[in-house]
Structures are given as C-alpha cells and as structure tokens.
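The values are calculated or read from the model by the stated rules, or taken from the named source; none is laboratory data. Just so it is clear, the structure is predicted and the values come from calculations on it, not from any experiment. Every residue, glycine as well, gets a Cβ built from its backbone with ideal geometry; the counts of neighbours run over all protein chains shown.
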C-alpha cells in the first residue's frame with residue numbers, strides 16, 4: 001500500500017478535524033491564535049470584513065508577511081490565492097505553505113477555470129455551497145472542503161444554508177439506486193466515481209469544515225452539530241472586543257459542541273462580538289464567485 | 001475490555017474505527033466526566049499538540065490523566081499524542097502530560113511538503129506501513145524506554161511499561177498490529193485490577 005501525495009494531503013486535513021482555523025494578519029495575532037488553541041492559522045493581509053470595507057481588487061498576501069507568520073508559530077500555516085490564479089499558488093508552494101485556500105474572499109482571477117490542483121504537491125482547500133461544487137473542486141484536486149458561507153459578515157445564515165444543503169444532498173445520493181447515479185452525476189455535473197464514493201461512505205471523500213460568518217462559540221457549535229468537522233473563523237475573532245478570550249471560547253465550543261452546560265459557561269462575558277453586517281444588506285455576495 | 005479515546009481535537013474518529021474493526025468497545029473523552037467512566041486503556045490521537053495540550057489544561061483533564069497513567073493505565077499516543085506524553089519537547093513550552101521519558105522534536109520533518117509514507121521494521125511486529133504527517137521524532141530516550149522502531153536513524157516508536165509512543169499514524173492504515181500490542185497491555189491491566 002503506497003500512499004500518494006494526495007492521500008497525505010487529505011490526511012493532514014484529518015489531523016485538523018475538531019479544530020479551529022483562525023484568520024490572522026500579523027505574527028502577533030498568529031501567536032495569540034496558537035496560544036488560544038487554534039489548530040492552524042490562515043495568513044492574510046486583511047481579514048474578510050476589511051476586504052469588504054476596502055473594496056477594490058483583493059490579491060494573495062505579501063510573501064514576506066506569510067514567512068513572518070510561518071516563523072512565529074509551530075502550527076500549520078495556510079494562505080489564500082485568487083480563484084484560478086495558479087501562479088499565486090506556485091508562489092505559495094515555493095514558500096512551503098501547509099495548505100492553500102483557493103478562495104472566493106479574494107477577487108477571482110479566472111471566471112471559468114479553477115486551478116488544476118492536481119499539479120501541485122501542497123494541499124488545497126476550496127469553498128462550496130452545495131454537493132456539486134464540492135465534488136467539482138475535489139475532482140480538480142482539492143483535499144479539503146469548507147462551506148463558503150458569507151465571509152466578513154459575522155452572519156451565520158449562509159454557512160448554515162450551505163452545510164444543510166450539502167448534508168441533505170449527500171443523504172439523497174445515499175438513497176439512490178445504482179442505476180440512478182448516472183443521472184445524478186449528470187445533474188450535479190460531477191464525476192461518477194466521486195459520486196459513488198459519496199454513496200458508499202455517506203459523506204464527502206475529504207474533510208469538510210464550516211466557514212463564513214462564524215462569530216460566537218454558539219455559531220461554531222451550531223455548525224458542528226450540523227455536520228461540520230471543524231471551523232474556520234475569519235473576521236469573528238480579531239474584529240471582536242477580546243480576541244484571545246473569544247478565540248479560546250470558540251476552540252472549546254468546537255470540542256464540546258454537544259455539551260450545552262460547557263457552551264453556556266464559555267459563552268459568558270466574552271465582550272463585544274463583531275458587529276457584523278446582515279448578509280441581505282450587502283451588495284457583494286462573495287459566495288457566488290466560482291461555481 | 002473498554003477503551004477511552006481522547007477526543008479534544010484531531011483524528012480520534014479513525015482510532016475508533018480501528019477498534020471497531022478489532023471488536024473493542026470505546027468511548028470519546030471530552031470532559032472529566034467522560035474520563036471518570038471505567039476504562040482499561042487510553043488512546044491519545046494525532047492532531048495539533050498545542051491545541052490538545054491547551055484543551056487538556058482548560059478542561060482540567062491534564063492532572064487526572066497524568067495520575068492514572070502513572071498508576072498503570074495503558075496509553076497509546078500517536079503523533080501529537082506522543083508529543084503530549086513526552087517528558088520534554090524541543091521547540092516550545094506548551095503544557096503536556098509528560099509521563100514518557102523521551103525527548104521529542106516537533107515538526108521534525110518540516111512542513112506538509114516533508115510529510116511522507118514509508119515501510120519499516122517494528123521490533124516484535126515486523127514490517128509496518130508508516131504515515132508521517134508533519135510528524136515528530138524522538139531525539140533521545142531514558143533508560144527505562146525500549147526503542148521499537150527507527151526510520152533513517154531517528155526513533156519513531158517506543159514503549160515504556162504500559163506506555164506506547166508512536167511518531168506516525170497507524171490509525172490511517174489497515175494494519176492493526178500496533179493497536180493490538182497496546183490492547184495486550186490493556187488486557188493485563190484489566191486483569192491486575194480485578
């Protein structure tokens with residue numbers, strides 16, 4: 001039994017399960033995240049809420065910043081590239097990044113093609129709103145999936161919608177007859193072999209995290225109870241009143257997502273949550289980027 | 001016989017699957033109440049050792065687990081689990097259980113690009129498929145510690161009384177011999193208590 005690079009990459013995602021991946025913009029924030037129990041950090045110049053506020057074109061972060069964050073912490077470091085921007089991905093691979101997020105949070109570089117992720121040795125995580133998107137990204141070589149949610153809003157509704165949809169589509173696929181899978185693959189626009197795997201295992205063939213709009217321990221626990229295997233928290237931590245305290249509380253909430261007693265204790269006196277914006281009030285829906 | 005699997009973060013589910021295949025009952029440990037349920041052995045899985053260590057402290061699990069291991073509870077630590085069992089870890093001072101007399105180097109093979117698969121001999125088991133994910137290795141061991149496997153001259157598996165420390169991930173393979181080795185200790189422990 002030889003393990004391929006792709007399997008090793010899927011297995012790194014398995015090690016992240018039950019954990020919280022936090023957006024950080026400085027080495028200092030990265031250290032706070034690590035000390036608070038983050039299982040990985042996402043290095044970026046601006047958190048999604050600020051990207052949203054600043055407008056304009058949003059790109060891969062300065063490699064200098066990413067290196068400084070890699071040196072500051074011992075946990076895995078991830079970074080984002082624009083959808084379809086395979087040269088940004090080549091640059092991150094040269095930095096030996098632990099995971100690349102081909103992310104709708106940045107301005108897309110290609111409105112048709114995603115990156116051919118099978119050409120890379122480093123692993124990729126991609127966002128998805130439904131089962132079709134998730135399996136298309138996996139077919140392109142993604143070794144981890146996250147819901148898109150609506151980044152930078154602090155509004156959980158989109159992440160809930162995406163997670164519920166993916167789970168209910170998986171349940172539907174499991175209930176199909178062998179001979180019905182061909183039509184389902186056609187409708188979902190996904191490879192048949194991946195759909196067979198979903199039917200056999202009753203889950204995505206890679207780890208599936210929740211992302212986009214998580215701001216409180218309760219939000220994180222909600223996503224876990226809906227079937228997420230871990231969470232990304234972007235703007236929710238460092239846009240709040242007490243980042244370290246909130247970060248620690250969210251880490252504990254993901255471990256004890258089924259224990260309301262512990263959840264109520266850790267939700268006390270966290271200071272102000274990020275103010276957030278209602279996802280219905282915004283003009284730019286990042287989740288619509290790259291299907 | 002019944003096994004507890006520390007489920008604070010990481011690949012605990014995979015260890016459960018392995019025990020299911022062997023036919024051993026188990027439960028997940030996320031709180032002190034979970035740890036107080038009767039158990040004949042403990043598995044500490046892979047994941048991020050800093051995360052699991054922080055949660056062990058915050059959830060008041062560190063001391064009870066340390067005491068029980070010192071009193072003979074068999075334990076299997078894989079990857080992050082090995083780091084948490086180690087008496088000393090090079091690179092940082094995060095809290096750990098510290099019952100296994102070894103010095104461990106975290107991220108010893110570098111970042112994810114350094115992750116690899118190999119096969120190597122384990123004393124008493126034979127050739128074993130080894131998955132190393134951002135793995136540690138053991139720099140040195142105390143007198144009471146038996147070295148069971150090395151890869152490229154680095155120690156990757158040890159045993160000391162009923163503590164088994166493994167730098168790689170047996171739970172990600174089909175081979176259950178390391179789990180069975182640990183379960184032998186658990187049978188002995190169960191007998192010694194009854």
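Would a scan of the stretch B:165-176 turn up a residue that is assigned to a strand (DSSP E or B), at pLDDT 95 or above and away from every other protein chain (no Cβ under 11 Å)? Checked against the condition, which is being assigned to a strand (DSSP E or B), at pLDDT 95 or above and away from every other protein chain (no Cβ under 11 Å), the stretch B:165-176 yields at least one hit.
Which residue, of A:96, A:102, is within 14 Å of another protein chain (Cβ to nearest Cβ) and under 28 Å from residue B:12 (Cα atoms)?
That would be A:96, the only listed residue that is within 14 Å of another protein chain (Cβ to nearest Cβ) and under 28 Å from residue B:12 (Cα atoms).
A quick yes/no check of all residues on (1) in contact with a helix residue (DSSP H, G or I) (Cβ under 9 Å, 6 or more places away or on another chain); (2) without any contact (Cβ under 8 Å) to a residue 60 or more places away in the chain; (3) within 15 Å of residue A:138 (Cα to Cα):
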residue	(1), (2), (3)
A:179	no, yes, no
A:190	yes, yes, yes
A:203	yes, yes, yes
A:206	yes, no, yes
A:210	yes, no, no
A:217	yes, yes, no
A:224	yes, yes, no
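Considering (1) away from chain B (no Cβ under 14 Å); (2) over 15 Å from the mean Cα position of the chain (by Cα); (3) part of a helix (DSSP H, G or I), the lone condition that residue A:223 does not fulfil carries the number (2). Looking at the structure I just gave you, is residue A:134 touching a strand residue (DSSP E or B) at 6+ places or on another chain (Cβ under 6 Å) and farther than 28 Å from residue B:53 by Cβ? Yes. Quickly run through the stretch A:226-253 and pick out the residues that are surrounded by fewer than 24 Cβ atoms within 10 Å (Cβ to Cβ), in contact with a helix residue (DSSP H, G or I) (Cβ under 6 Å, 6 or more places away or on another chain) and not in a helix (DSSP H, G or I). If the condition is that a residue be surrounded by fewer than 24 Cβ atoms within 10 Å (Cβ to Cβ), in contact with a helix residue (DSSP H, G or I) (Cβ under 6 Å, 6 or more places away or on another chain) and not in a helix (DSSP H, G or I), then A:226, A:227, A:239, A:240 are the ones that fit. Within the stretch B:9-29, the set of residues being closer than 22 Å to residue A:203 by Cα, surrounded by fewer than 15 Cβ atoms within 10 Å (Cβ to Cβ) and touching a residue at least 40 places away in the same chain (Cβ under 8 Å) comprises B:17, B:21. For the stretch A:54-65, the count of residues that are over 30 Å from residue B:96 (Cα atoms), in contact (Cβ under 8 Å) with a residue 60 or more places away in the chain and in contact with a helix residue (DSSP H, G or I) (Cβ under 6 Å, 6 or more places away or on another chain) is zero. Applying the set (1) within 14 Å of chain A (Cβ to nearest Cβ); (2) in contact with a strand residue (DSSP E or B) (Cβ under 6 Å, 6 or more places away or on another chain) to residue B:80 leaves exactly one unmet item: (2). Of the residues making up the stretch B:53-72, those that are farther than 20 Å from residue A:251 by Cβ and in contact with a helix residue (DSSP H, G or I) (Cβ under 7 Å, 6 or more places away or on another chain) are B:64, B:72. Highlighted here are the helices (runs of 4 or more DSSP H) found entirely within the stretch A:103-214 that include at least 3 residues which are under 25 Å from residue A:5 (Cα atoms): A:131-139, A:192-201.
Of all residues in the stretch A:240-290, none satisfies the criterion of being within 14 Å of chain B (Cβ to nearest Cβ) and farther than 27 Å from residue B:48 by Cα. Flag: residue B:6 does not match the condition of being buried (at least 20 other Cβ atoms within 10 Å of the Cβ), within 13 Å of chain A (Cβ to nearest Cβ) and more than 23 Å from residue B:168 (Cα to Cα). Pairs linking a residue in the stretch B:117-130 that is facing chain A (nearest Cβ under 9 Å) to a residue that is assigned to a loop (DSSP other than H, G, I, E, B), with Cβ atoms under 7 Å and 6 or more positions apart or on different chains, are B:117/A:2; B:117/A:3; B:129/A:1; B:129/B:173; B:129/B:175. Given the criteria closer than 21 Å to residue A:96 by Cβ and more than 10 Å from every other protein chain (Cβ to nearest Cβ), does residue B:95 qualify? Against the criterion (closer than 21 Å to residue A:96 by Cβ and more than 10 Å from every other protein chain (Cβ to nearest Cβ)), residue B:95 does not qualify.
Screening the candidates A:138, A:145, A:112, A:166 for the property of being surrounded by fewer than 20 Cβ atoms within 10 Å (Cβ to Cβ) and at pLDDT 95 or above yields one hit, A:112. The set of residues from the stretch B:152-164 being assigned to a loop (DSSP other than H, G, I, E, B) and surrounded by fewer than 18 Cβ atoms within 10 Å (Cβ to Cβ) comprises B:152, B:153, B:161.
Just one of A:24, A:81 is within 16 Å of residue A:239 (Cβ to Cβ) and modelled with pLDDT of 95 or more; which is it? Every option except A:24 fails the conditions.
Of all residues in the stretch A:254-274, those that are assigned to a loop (DSSP other than H, G, I, E, B), at pLDDT 95 or above and touching a helix residue (DSSP H, G or I) at 6+ places or on another chain (Cβ under 6 Å) total 3.
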